[in-house]
2 protein chains.
Amino acid sequence: MSELPLLFWLVPVSSVLALGFAFFFYKKMLRNDEGTDTMKRIAAHVRKGANSYLRQQYKVVFLVFLIITVIFSILAYGLGVQNEWVPFAFLTGGSFSALAGYFGMKTATFASARTAHAARSSLDKSLKLAFRSGAVMGLVVVGLVLIDVSLWFIVLNLAVPEAEAGFKLLTITATMLTFGMGASTQALFARVGGGIYTKAADVGADLVGKIEAGIPEDDPRNPATIADNVGDNVGDVAGMGADLFESFAGSILATALLGAAAFMGAPEMQMNAVLAPMLIAAVGTMLSIFGIFMVRTKEGASQKQLLKSLSFGVNISAGLILVFSFLILYALNFHNHEVVNIWGIWGSIAIGLLAGIGIGQSTEYFTASAYKPTKKIAKSAETGHATVIISGVGTGLISTAVPLAIIVVAIMLSFLFSSNFSFAAESLNYGLYGIGIAAVGMLSTLGITLATDAYGPIADNAGGNAEMSKLDPKVRERTDALDALGNTTAATGKGFAIGSAALTALALLASYMEEVKMMFVKILDTPEFIIHGKFGPVEAQYATFIDYIYHFEIHLMNPVVLAGIFIGVLGVFLFSGMTMNSVGRAAQKMVDEVRRQFKEIPGIKEGTGTPDYERCVSISTKAAQREMMLPSLTAIFIPVIVGLIFGVGGVVGLLIGTITSGFAMAIFMANAGGAWDNAKKYIEEGHHGGKGSDSHNAAITGDTVGDPFKDTSGPSLNILIKLMTMSSVVTVGLAVAYSIL
Amino acid sequence: MSELPLLFWLVPVSSVLALGFAFFFYKKMLRNDEGTDTMKRIAAHVRKGANSYLRQQYKVVFLVFLIITVIFSILAYGLGVQNEWVPFAFLTGGSFSALAGYFGMKTATFASARTAHAARSSLDKSLKLAFRSGAVMGLVVVGLVLIDVSLWFIVLNLAVPEAEAGFKLLTITATMLTFGMGASTQALFARVGGGIYTKAADVGADLVGKIEAGIPEDDPRNPATIADNVGDNVGDVAGMGADLFESFAGSILATALLGAAAFMGAPEMQMNAVLAPMLIAAVGTMLSIFGIFMVRTKEGASQKQLLKSLSFGVNISAGLILVFSFLILYALNFHNHEVVNIWGIWGSIAIGLLAGIGIGQSTEYFTASAYKPTKKIAKSAETGHATVIISGVGTGLISTAVPLAIIVVAIMLSFLFSSNFSFAAESLNYGLYGIGIAAVGMLSTLGITLATDAYGPIADNAGGNAEMSKLDPKVRERTDALDALGNTTAATGKGFAIGSAALTALALLASYMEEVKMMFVKILDTPEFIIHGKFGPVEAQYATFIDYIYHFEIHLMNPVVLAGIFIGVLGVFLFSGMTMNSVGRAAQKMVDEVRRQFKEIPGIKEGTGTPDYERCVSISTKAAQREMMLPSLTAIFIPVIVGLIFGVGGVVGLLIGTITSGFAMAIFMANAGGAWDNAKKYIEEGHHGGKGSDSHNAAITGDTVGDPFKDTSGPSLNILIKLMTMSSVVTVGLAVAYSIL
């Protein structure tokens, strides 16, 4: 057994710190008062709904996990075409991700009434409470990822036998990567299920409540209002947590594998290259904690000052990680490598961070009502429903250009910086490592960026609670201010979520090729695999195979690759369509139910009768459970089927098609939805006729269409592109040994 | 000079036949009466509007062509990085395509009033008149393509000097391919300009006329109605003609080049492989003429019988081409080749034909109100505007899965059939030739399929004329029956248009690599090109370069390729967004104008005042001219810029990204739009509340949103994917010699 370097222990230490502070913030939040009896009652309603949903969801996901684990065990132990650790890694990844979602959501449901209550006395107090509660989520996510990474690294370091130069670390990192598959699977169910839940409730509440009955969104007379508030928690908090859990894990693990592969020739540097992404994440986590404490406001601060103080926390973490990551690279001896340049690797980290910020800012530009695009959409509401939709779709499509361009620049620069500006075959692995390290850089301060993100739904729910509890309008005003602030920070958060998904998926894709090589070596050692005579006799040289893979199989004139790319695009469009239709179907049920209640329960509209909230909650829950299965299973099994038919070339094509078109589609949907939402708010502020005008009605149509765009289909695509890559990585043995073509 | 084989002369002969019959049908159509004075007046209005639009459009396009020709001349004669024939080929391609559009539109504008007048006496007569007028368009398109192909082949055969084995034909076919660039450029302007024109008018007419003023679409009181009818001609007739002109040309020329490349080793077979696509197209054209004459109906036939007789004509041409193409291949000696199997090549042709039919049928399923998807969209109108949009978007996205799967199967089978089921490097070229031949097979009977397609807008306009001339409602009923028939055949037509665009673009992509090789040879002969030292010393072997291109540059782990694919997706989304927004902006202007006229011109609504039709026509014209520039130029120049920065690998990535995501996006938009349209019609038939109900209003919103989807952005994408490939082919020298990376 080899000793682990001392620096490594920073990783478990930082995870313990993150979890410790999360617990501290959580306990501190609980000490606050939940307010009046009505507030407590409503919060309890929401909490109950959210818990019962999550319990239901985890039950279903648990069953799916059982089945997949059985399949993986057959692949690993029966057919011998999979790493033996996969079934276990899969399970830990899934359960840690589920835990993160659970803690985050629990915190959020406890925090919202408290935030509303705090807003009764001061804006400042409520900001801090909401933000610190969001920080619980952020820290739990990064803490659990880092603890899982540390534990597996320690265990595998003991369990994997020593091997010839560099093969041990390659095996360890390749094995660890599969733990991301569990996280991805659980994340997809969380995002899709949560997304359908929240939007079925939201669309239902809007369509009947706002448009037909003319009562506000969070009015207690609206039967779907509790379901709507529950939805914010299960969709925006638990779903987003699981999403970023797996980006964080995926980027660290893929980069570690790429590092192990790139530095195979230099055993000492190899360990350092593997440690680099872990250490950057660990130090970034500590800096996030520091940044969270930096978010302080003076009593009576203006909204601008509030935003400034939030940004200060985020920016100081980001700035410091730039400094510290150079120190880490120096400590890891990158300045002594003959090919790789320490400034190059550091440059890749910086590029990743900048790309995340850039994507966030473009999201902000295309979706905030302060800028032209959203203003134009609002104006188009004057000519009716159709033109609002046309201009929203048009703007959403155009808005993809900036993030796509940023990703192109980020890929090229992070590759070139790390490969020392060389495209030569021998520099390829360094360049790919650079792309991975850029993803890690982008996500390094996830602890605090996620905090600013999770804070949004808490503020939103606080507003809902204030409205339903009929608190002083001043309270609602304050929570609205918090909510608006949340929308701004959420834009950046979304930029990080989707940008990191793309870079992580690319790093995973590069790792896939490493897994192919390793699987081939494994199979070459097993004489019973003839592999269809594709690679010549079984005694064929390793070099021949590499040659084969790189030189023929994955070149772009290979019809198998073309077919794979087409199927990848197919998957993205099909998946988006399925989730859109799921929301449509579920929302229609909700509309029917709300209409029924308004008709059958006397006195609802007048506020004298009590609506049957539970029914709406249960409709959303059931619809989400039923509807999430098909799209999620499609995502998991498409790569397996493509691998079995088209082989490795087909799978690589599939993944490229999925990543590129999925990224664009995700941004289109997120931005169109966000812009419609804010165009509506802009009109509500009194422009183009204001509330109740025809323009407002048209804008509500836009907002309602945008709901599944931005909160169901769009964010689910983030995970789709990672999960399909993960699923390919884990089932690589099937594609290598059993493919038909 | 080498003699051309006797069989070749079938090509010019068939083109003369096609043009002759087109002229015959045209003259015969003109002999029919145009009806009452009002009918004549309205037809003259529409004709004048269409002509003035086309004149305006061609003026602008002419300027663009001049500029591009200058650029090409500099590339060819100044920098020496382009074939010397390109500027001329570019100009003929463009002008022949423009001619085809002009003749088709002229015929359509003369035919519609005559069709309406014929409908006053019998349904049968009007069907025949409309269909034969559509046939003029179909035959002009194929005739002009074939005459251009023949002339260039004859000229180049004389002009290109004899060269070592096979190089002469390679040079000829590579040169001829560039003539497609002119056709593509003109087609894109026609589609985008025409699409914006027609939808600005349509949306404007619908929004104010139907929804606000409550008058029918083709009511003479609606100021936008003439513009709307003009739009059908410039968008659906001239635009579609140019689109298929270039698919037909592109597929023949690309396949000829791939044939020349694949059979380089066997000079005699090489000529045959080059002739095969031309001959299949020539014979298919003659069979189309035969099929057109087979479309006969008995007096008093039911609509089902009408459809049957149309389908009979199309099917008999398709069936016969299967038989004849085998005979052609036999005559061309394919049964004597040692590697390629004649049944395999024939199988590729059959696959192409079947794929076209399959895509057409899936379009029919997803957009016709007889099937579940459209019925569901209609039902969702009950819950309002937003759910109609959500379910239309969802269904449209899902509907892409079938055509994408068909294309995947078609690619794989046509490749494997022609490569004799081998993926080996030496079979690659045969397989790619198979993909090209499948595209040719799909389009071989274009003469008649385009006739059934162009017939639709003629029937539509006839209906408009009948309505505006206040003819007996029975006449409108008959033209509506024709129109409904047209919608069914149009579904198949659209399937062919888009399916052929995808296959043609793939064949063009494969040709691109051949052009790269040739350009490299050319540059190797020119000592002043050092090509950035990329390929080693200038004396580097040709083999090394092939190795380089196939083995490193275009493999999928190359970041340049990845970047290219991302940019390709970017291009598709950006272009779609730009064209959507163009329609939105233009429609808004139209809405304002129509509202103004209703307010300022007294007595319009009562029918006592005359609306100012000209103003609306001129608004659409100006808007289309202005708005078409940016998206079209983007499409032309993106490949050039990518080539200059990222080199060949980047361009290939770009093209793959564009083709795959563009194909999916085009189908999504076409099908969503079609389904919304028919869902509205279904409601108008009395379902879900019928005309005037809230559901109907919601469905009109869907239809209006669908207008730019299905008639502007969607079909323009067909051309985008071909034009970007063409633009890459023509500027290949820049990417090879001057790229930065």
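The values are calculated or read from the model by the stated rules, or taken from the named source; none is laboratory data. Remember, it's a predicted structure, so these values are computed and weren't measured experimentally. Virtual Cβ from ideal backbone geometry, glycine too; neighbours counted across all protein chains shown.
Is at least one residue of the range A:635-643 at the interface with chain B (Cβ under 9 Å from one of its Cβ atoms) and assigned to a helix (DSSP H, G or I)?
no
For the structure I just gave you, tell me whether residue A:57 is out of contact with any strand residue (DSSP E or B) (no Cβ under 9 Å at 6 or more places or on another chain), closer than 16 Å to residue A:730 by Cα and surrounded by 15 or more Cβ atoms within 10 Å (Cβ to Cβ). Walk me through it before giving the result.
Numbers: out of contact with any strand residue (DSSP E or B) (no Cβ under 9 Å at 6 or more places or on another chain): yes; closer than 16 Å to residue A:730 by Cα: no; surrounded by 15 or more Cβ atoms within 10 Å (Cβ to Cβ): yes.
It is false that residue A:57 is out of contact with any strand residue (DSSP E or B) (no Cβ under 9 Å at 6 or more places or on another chain), closer than 16 Å to residue A:730 by Cα and surrounded by 15 or more Cβ atoms within 10 Å (Cβ to Cβ).
Here is a list of conditions, (1) of a type outside the set (D, E, K, R); (2) within 14 Å of chain A (Cβ to nearest Cβ); (3) part of a loop (DSSP other than H, G, I, E, B), and residue B:369 meets all of them except one; can you say which number that is?
It is condition (2) that residue B:369 fails.
Taking the conditions exactly as written (at pLDDT 90 or above, polar (S, T, N, Q) and over 23 Å from residue A:191 (Cβ atoms)), does residue A:126 satisfy them or not? Steps first, answer last, please.
Working: at pLDDT 90 or above: no; polar (S, T, N, Q): yes; over 23 Å from residue A:191 (Cβ atoms): yes.
When the stated conditions are applied, residue A:126 does not pass them.
Of the residues that make up the range B:659-671, is at least one away from every other protein chain (no Cβ under 11 Å), more than 20 Å from residue A:573 (Cβ to Cβ) and in contact (Cβ under 8 Å) with a residue 24 or more places away in the chain? It would help to see each step written out before you state the result.
The first filter runs over the range B:659-671 and keeps only residues away from every other protein chain (no Cβ under 11 Å), leaving B:666, B:670.
Remaining after also requiring more than 20 Å from residue A:573 (Cβ to Cβ): none.
Checked against the condition, which is being away from every other protein chain (no Cβ under 11 Å), more than 20 Å from residue A:573 (Cβ to Cβ) and in contact (Cβ under 8 Å) with a residue 24 or more places away in the chain, the range B:659-671 yields no hits at all.
May I ask you to verify whether residue A:615 is of a type in the set (Lys, Arg) and within 14 Å of another protein chain (Cβ to nearest Cβ)?
No.
Of A:222, A:233, which residue is outside any helix (DSSP H, G or I), touching a Pro at 6+ places or on another chain (Cβ under 8 Å) and not β-branched (Val, Ile, Thr)? I'd like the intermediate steps shown before the answer.
Working: A:233 fails: outside any helix (DSSP H, G or I).
When all the criteria are applied, what remains is A:222.
Determine which member of the set A:591, A:572 is outside any loop (DSSP other than H, G, I, E, B), at the interface with chain B (Cβ under 7 Å from one of its Cβ atoms), modelled with pLDDT of 85 or more and surrounded by 15 or more Cβ atoms within 10 Å (Cβ to Cβ). Steps first, please.
Details: A:572 fails: at the interface with chain B (Cβ under 7 Å from one of its Cβ atoms).
After ruling out the rest, the residue left standing is A:591.
May I ask you to list the residues in the range B:104-122 that are in contact (Cβ under 8 Å) with a residue 60 or more places away in the chain and surrounded by fewer than 24 Cβ atoms within 10 Å (Cβ to Cβ)?
Listed by number, the residues that qualify are B:110, B:120, B:122.
Just to be sure, is residue A:647 crowded, with 24+ Cβ neighbours inside 10 Å, within 14 Å of chain B (Cβ to nearest Cβ) and without any contact (Cβ under 8 Å) to a residue 60 or more places away in the chain? If you could, list the steps in order and put the result at the bottom.
Numbers: crowded, with 24+ Cβ neighbours inside 10 Å: yes; within 14 Å of chain B (Cβ to nearest Cβ): yes; without any contact (Cβ under 8 Å) to a residue 60 or more places away in the chain: no.
The answer is no for residue A:647.
Given the criterion among the polar types (S, T, N, Q), more than 9 Å from chain A (Cβ to nearest Cβ) and touching a helix residue (DSSP H, G or I) at 6+ places or on another chain (Cβ under 8 Å), identify the matching residue among B:399, B:391, B:427, B:418.
Working: B:399 fails: more than 9 Å from chain A (Cβ to nearest Cβ); B:391 fails: more than 9 Å from chain A (Cβ to nearest Cβ); B:427 fails: touching a helix residue (DSSP H, G or I) at 6+ places or on another chain (Cβ under 8 Å).
Of the residues listed, the single one that is among the polar types (S, T, N, Q), more than 9 Å from chain A (Cβ to nearest Cβ) and touching a helix residue (DSSP H, G or I) at 6+ places or on another chain (Cβ under 8 Å) is B:418.
Which of the numbered conditions does residue B:656 fail, given that it passes all the others? Conditions: (1) at the interface with chain A (Cβ under 10 Å from one of its Cβ atoms); (2) farther than 27 Å from residue B:75 by Cα; (3) at pLDDT 95 or above.
(2)
Looking at the range A:466-513 only, could you name the residues that are crowded, with 24+ Cβ neighbours inside 10 Å and of a type in the set (D, E, K, R)?
A:478, A:494
I want to confirm something. Restricting to the range B:430-440 and keeping residues that are within 11 Å of chain A (Cβ to nearest Cβ) and within 20 Å of residue B:322 (Cβ to Cβ), which single residue is surrounded by the fewest Cβ atoms within 10 Å (Cβ to Cβ)?
So the first thing to find is which residues in the range B:430-440 are within 11 Å of chain A (Cβ to nearest Cβ), and the list is B:431-432, B:434-435.
After this cut, where a residue has to be within 20 Å of residue B:322 (Cβ to Cβ) as well, the list is B:434-435.
Working: B:434: 32, B:435: 30.
By that ranking, first place goes to B:435.
I'm trying to understand the selection: among the residues of the range A:269-323, which are surrounded by fewer than 23 Cβ atoms within 10 Å (Cβ to Cβ), among the β-branched types (Val, Ile, Thr), touching a helix residue (DSSP H, G or I) at 6+ places or on another chain (Cβ under 8 Å) and over 23 Å from residue A:136 (Cα atoms)?
Across the range A:269-323, there are no qualifying residues.
Limited to the range B:1-34, what total is found for residues that are in a helix (DSSP H, G or I) and under 30 Å from residue B:111 (Cα atoms)? I'd like the intermediate steps shown before the answer.
From the range B:1-34, those in a helix (DSSP H, G or I) are B:6-30; that's our starting set.
Filter once more, keeping what is under 30 Å from residue B:111 (Cα atoms): B:11-30.
Residues that pass the stated criteria total 20.
Being crowded, with 23+ Cβ neighbours inside 10 Å and under 24 Å from residue A:13 (Cβ atoms) is the filter here; which residues of the range A:255-268 pass it? Steps first, answer last, please.
We begin by selecting, within the range A:255-268, every residue crowded, with 23+ Cβ neighbours inside 10 Å; these are A:255-263.
Within the range A:255-268, A:255, A:256, A:257, A:259, A:260 meet the criteria.
Pairs, please: C-beta under 7 Å, at least 6 apart or cross-chain, first residue without any contact (Cβ under 8 Å) to a residue 40 or more places away in the chain and in the range B:608-632, second of a type in the set (Gly, Ala, Ser)?
B:609/B:603
In the range B:441-459, is there at least one residue being in a helix (DSSP H, G or I), at the interface with chain A (Cβ under 8 Å from one of its Cβ atoms) and at pLDDT 90 or above? Spell out the reasoning first.
Of the range B:441-459, the ones in a helix (DSSP H, G or I) are B:441-443, B:446-459.
If we keep only those that are at the interface with chain A (Cβ under 8 Å from one of its Cβ atoms) too, we end up with none.
Looking for residues that are in a helix (DSSP H, G or I), at the interface with chain A (Cβ under 8 Å from one of its Cβ atoms) and at pLDDT 90 or above, one finds none in the range B:441-459, hence no.
Could you tell me whether residue A:22 is in contact with a Ser or Thr (Cβ under 6 Å, 6 or more places away or on another chain) and buried (at least 19 other Cβ atoms within 10 Å of the Cβ)? Give the steps one after another, and end with the answer.
Numbers: in contact with a Ser or Thr (Cβ under 6 Å, 6 or more places away or on another chain): no; buried (at least 19 other Cβ atoms within 10 Å of the Cβ): yes.
Spelling it out, it is not the case that residue A:22 is in contact with a Ser or Thr (Cβ under 6 Å, 6 or more places away or on another chain) and buried (at least 19 other Cβ atoms within 10 Å of the Cβ).
Kindly check whether there is at least one residue in the range B:415-424 that is surrounded by fewer than 24 Cβ atoms within 10 Å (Cβ to Cβ), in a helix (DSSP H, G or I) and on the phi < 0 side of the Ramachandran plot.
yes
Any idea which residue in the range A:194-213 is farthest from residue A:696 (Cα to Cα), counting only those that are among the small types (Gly, Ala, Ser) and within 14 Å of chain B (Cβ to nearest Cβ)?
Keep residues of the range A:194-213 that are among the small types (Gly, Ala, Ser), which gives A:194-195, A:200-201, A:204-205, A:209, A:213.
Now restrict to residues that are within 14 Å of chain B (Cβ to nearest Cβ): A:195, A:200, A:204-205, A:209, A:213.
On the way: A:195: 25, A:200: 21, A:204: 18, A:205: 17, A:209: 15, A:213: 15 Å.
Filtering the range A:194-213 for residues that are among the small types (Gly, Ala, Ser) and within 14 Å of chain B (Cβ to nearest Cβ), the one farthest from residue A:696 (Cα to Cα) comes out as A:195.
Kindly indicate whether residue B:662 is assigned to a helix (DSSP H, G or I), over 19 Å from the mean Cα position of the chain (by Cα) and not aliphatic (A, V, I, L, M). Give the derivation first.
Values: assigned to a helix (DSSP H, G or I): yes; over 19 Å from the mean Cα position of the chain (by Cα): no; not aliphatic (A, V, I, L, M): yes.
No.
Among the listed residues B:359, B:398, B:377, identify the single one that is at pLDDT 95 or above, of a type in the set (A, V, I, L, M) and surrounded by 24 or more Cβ atoms within 10 Å (Cβ to Cβ). Outline the logic, then answer.
Values: B:359 fails: at pLDDT 95 or above; B:398 fails: surrounded by 24 or more Cβ atoms within 10 Å (Cβ to Cβ).
Just a single option satisfies the conditions, and that option is B:377.
Say whether the condition of being farther than 22 Å from residue B:250 by Cβ, surrounded by fewer than 24 Cβ atoms within 10 Å (Cβ to Cβ) and within 14 Å of chain A (Cβ to nearest Cβ) is met by at least one residue in the range B:708-726.
No, the conditions are met nowhere in the range B:708-726.
Conditions tested, residue by residue: (1) in contact (Cβ under 8 Å) with a residue 40 or more places away in the chain; (2) closer than 30 Å to residue B:277 by Cα.
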{"site": "B:464", "(1), (2)": "yes, no"}
{"site": "B:472", "(1), (2)": "yes, no"}
{"site": "B:476", "(1), (2)": "no, no"}
{"site": "B:488", "(1), (2)": "yes, yes"}
{"site": "B:493", "(1), (2)": "yes, yes"}
{"site": "B:501", "(1), (2)": "yes, yes"}
{"site": "B:514", "(1), (2)": "yes, yes"}
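Applying the selection to the range B:402-415, what residues are out of contact with any helix residue (DSSP H, G or I) (no Cβ under 6 Å at 6 or more places or on another chain) and facing chain A (nearest Cβ under 7 Å)? Walk me through how you get there before you give the answer.
Within the range B:402-415, the first condition is being out of contact with any helix residue (DSSP H, G or I) (no Cβ under 6 Å at 6 or more places or on another chain), and the residues that meet it are B:405, B:409.
Of everything in the range B:402-415, just one residue is out of contact with any helix residue (DSSP H, G or I) (no Cβ under 6 Å at 6 or more places or on another chain) and facing chain A (nearest Cβ under 7 Å), namely B:405.
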